[in-house]
């Protein structure tokens, strides 16, 4: 009997009715982390550590013992034990079985389900925010949309949006929503006083900042930590609002959950920050497009570290920007070459830092056109990422300059300082000018003056015959038959007419006839 007791695969204790332990087998000794010899004769509460409900010691305090089974967590052992008490006439047998793995699996599954549910809610929430950002027409609307949607959910306590103040590097609060309590007041006080907060660091670095637990983070000002503790806040995520290399602001999200903002959650918020930055950039472009007046800055390139200025100087060429197409990073630039061999200029460009690829489009010996891929670190790449409109760029052996346009309400000083800090350029001129107002009829009349009768007739016929639709309503042969011309003649007129229409839309004003 004693041998079977000792070798039993489950933990077993024999205990007197008064709670004195008579014997402990090896399995129970291992589970309870006690010595069998030391346990014999000891009270039950000295052998079995405390559990949440202390079921075993309390059972022996009762006037009568009854059989019972429970599962309890024992903190000092870090184990879940299934406990069964079976009394007989002589003693009580306590059976112990380790069920920790099952409980931990259940906890993992519960956490996984909770995380998936939370992530589903968050993704839907962010999708709703992004959908509303599409219709936001001002930066104020963008800030209010983000705050209202994030701050009024059950997942987060509150959210606020900050932006750089015009003309300075200070961060100002634009909007806030949710149960802000005292924390948002302390944040505003720190911003007004120039004290560093995680949200400001997110703007400066362009990278998200996560702080948890909030009350123990030395990187957070003490006044904010105290207020957050009083308001029951445990975690903070600061997401920069970025577009390209520009950071327009930040959104700070606060929650009472100590372990909030999983990696997937942060990725979702990263998308929100990029889309909000894109929306802000779009409002700036819309403002520039609709403005009656614009601010024009002339930037003179002082040194020769600029790749285009260096190439122009080395080849004694005149290079001018015909146009550009912004890319995800940097831009594609179309460069007119004068007084130099385009092939030699292209070869020189390929050796320049900041130029990632070069292609010759036209080569007329001493003039032509190049297509360049410029990195974001170049002057033109930096200007594009800041959201300004490049009106012209001219690079020669003697002098190189770039002219840009901004809407009048834009932070001209900050943009100018950003460019002059990162590149060897200086602002040589700044002026506001009125834009010419052209009515739709005037615009159409101007286009018609560019087209010949045959070109206009070809374009009209092709347009109304749905030649430009996809799928086409008419093919080239059918349109040509309607005009009583050959297919090759039709394509000649269409290409010439389309070229003139695109020149009116895309060519620089000073190059238009």
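The values are calculated or read from the model by the stated rules, or taken from the named source; none is laboratory data. Worth saying up front: this structure is predicted, and the values here are computed from it rather than measured. We place every Cβ from the backbone using ideal geometry, glycine too, and count neighbours over all the protein chains shown.
Summary table below
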item	result
Matching residues in the range 355-382 - criterion: being crowded, with 21+ Cβ neighbours inside 10 Å and touching a residue at least 40 places away in the same chain (Cβ under 8 Å)	355, 372, 374, 378, 379, 380, 381, 382
Flag if residue 34 is in the same structural domain as residue 9 (by TED's automatic domain parsing) and either surrounded by 12 or more Cβ atoms within 10 Å (Cβ to Cβ) or in a strand (DSSP E or B) (or both)	yes
Single residue of 435, 413, 421 found to be modelled with pLDDT under 85, farther than 30 Å from residue 353 by Cα and surrounded by fewer than 16 Cβ atoms within 10 Å (Cβ to Cβ)	435
Filter result for residue 14 (closer than 13 Å to residue 94 by Cα, in contact with a strand residue (DSSP E or B) (Cβ under 7 Å, 6 or more places away or on another chain) and either at pLDDT 85 or above or crowded, with 19+ Cβ neighbours inside 10 Å (or both))	yes
Any strands (runs of 3 or more DSSP E) falling wholly within the range 291-393 and containing at least 1 residues that are over 26 Å from the mean Cα position of the chain (by Cα) and farther than 28 Å from residue 428 by Cα	355-363, 367-374
Members of the range 464-499 found to be within 30 Å of residue 334 (Cβ to Cβ) and either at pLDDT below 85 or part of a loop (DSSP other than H, G, I, E, B) (or both), listed by number	467, 468, 469, 470, 472
Conditions (1) at pLDDT below 90; (2) within 22 Å of residue 506 (Cβ to Cβ): number failed by residue 356	(2)
Sole exception among (1) surrounded by 13 or more Cβ atoms within 10 Å (Cβ to Cβ); (2) within 30 Å of residue 405 (Cα to Cα) for residue 481, by number	(2)
Matching residues in the range 133-148 - criterion: being in a helix (DSSP H, G or I) and surrounded by fewer than 18 Cβ atoms within 10 Å (Cβ to Cβ)	134, 135, 140, 141, 148
Matching entry among 180, 205 (being at pLDDT 75 or above and touching a strand residue (DSSP E or B) at 6+ places or on another chain (Cβ under 6 Å))	180
Cβ-Cβ under 9 Å pairs, at least 6 apart or on other chains, the range 170-196 side touching a residue at least 60 places away in the same chain (Cβ under 8 Å) and not assigned by TED's automatic domain parsing to the domain that holds residue 241, far side part of a helix (DSSP H, G or I) and buried (at least 19 other Cβ atoms within 10 Å of the Cβ)	none
Pairs, first at positive phi in the range 455-480, second surrounded by fewer than 16 Cβ atoms within 10 Å (Cβ to Cβ), C-beta under 9 Å, six or more apart	466/472; 466/473
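So that you can scan it fast, the table gives a plain yes or no per residue for (1) outside any helix (DSSP H, G or I); (2) surrounded by 10 or more Cβ atoms within 10 Å (Cβ to Cβ):
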residue	(1), (2)
64	yes, no
69	yes, yes
73	yes, yes
76	yes, yes
85	yes, yes
90	yes, yes
102	no, yes
107	no, yes
110	no, yes
